[in-house]
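Trainee: Questions regarding the structure given below will be posed in turn.
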Amino acid sequence: MLMCYRVSKSADMPIHKALLYMRIGWILRLSFIVIMLFMSLKIPVLDFWSAVFGLFTLQIVMFLNGVVIVGKSFFHIT
């Protein structure tokens, strides 16, 4: 939802401001990921590989959801 908000908000901006706005958002998301991975290494009760898996779970689910939607539309399944 945050990505959708960023894209819709940047669509109303001039190109150079929209690029800067999107890059700042990308840097914030990347820094959040790095901080979370670093914290999972430093806090003993957190498992590093579970944190890595958790970061990629949403992308995997979204990809599989897209595959199902395209498959249903391709084979005309309702």
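Trainee: Look through segment 22-59, keep the residues that are closer than 28 Å to Asp12 by Cα and among the basic types (Lys, Arg), and return whichever of them is modelled with the lowest pLDDT.
Mentor: Arg29
Trainee: Could I ask something else about it? Identify the residue in segment 30-75 that is open to solvent by 90 Å² or more (accessible area, probe 1.4 Å) and charged (D, E, K, R) and, among all such residues, is farthest from Tyr5 (Cα to Cα).
Mentor: Checking each candidate, the answer is Lys42.
Trainee: Within the set of pairs 6 or more residues apart or between chains, which connect a residue that is farther than 22 Å from Phe56 by Cβ inside segment 7-36 to a residue that is polar (S, T, N, Q) and surrounded by 11 or more Cβ atoms within 10 Å (Cβ to Cβ) with Cβ atoms less than 7 Å apart?
Mentor: Listed pairs, sorted by first residue: Ala18/Ser10; Tyr21/Ser10.
Trainee: Of the residues that sit in segment 46-70 and are of a type in the set (A, V, I, L, M) and within 20 Å of Ile33 (Cβ to Cβ), which one is farthest from the chain's Cα centre (by Cα)?
Mentor: At the first step, the residues of segment 46-70 found to be of a type in the set (A, V, I, L, M) are 46, 51-52, 55, 58, 60-62, 64, 67-70.
Filter once more, so that each one left must be within 20 Å of Ile33 (Cβ to Cβ): 46, 51-52, 55, 58, 60-62.
On the way: Leu46: 22, Ala51: 15, Val52: 13, Leu55: 8, Leu58: 7, Ile60: 10, Val61: 11, Met62: 10 Å.
My answer is Leu46.
Trainee: I'd like to verify a number: residues in segment 1-29 that are of a type outside the set (A, V, I, L, M, F, W, C), surrounded by fewer than 11 Cβ atoms within 10 Å (Cβ to Cβ) and part of a helix (DSSP H, G or I), how many?
Mentor: Keep residues of segment 1-29 that are of a type outside the set (A, V, I, L, M, F, W, C), which gives 5-6, 8-10, 12, 14, 16-17, 21, 23, 25, 29.
With the extra rule that they be surrounded by fewer than 11 Cβ atoms within 10 Å (Cβ to Cβ), the set shrinks to 5, 8, 12, 14, 16, 23.
Pick out the ones that are also part of a helix (DSSP H, G or I) and you get 5, 8, 16, 23.
Here the count works out to 4.
Trainee: Related question: For segment 37-78, how many residues meet the condition of being part of a loop (DSSP other than H, G, I, E, B) and hydrophobic (A, V, I, L, M, F, W, C)? Before you say what the answer is, go through the steps one by one.
Mentor: Of the residues in segment 37-78, the ones part of a loop (DSSP other than H, G, I, E, B) are 43-47, 76-78.
Next, from what is left, pick out any that are hydrophobic (A, V, I, L, M, F, W, C): 43, 45-46, 77.
Count: 4.
The values are calculated or read from the model by the stated rules, or taken from the named source; none is laboratory data. Everything quoted here is computed from the prediction, not taken from an experiment. Backbone-built Cβ (ideal geometry, glycine too); neighbour counts: all protein chains shown. With ligands, DNA and RNA removed, areas are computed over all heavy atoms of the protein, side chains included. Shrake-Rupley method; radii C 1.70, N 1.55, O 1.52, S 1.80 Å.
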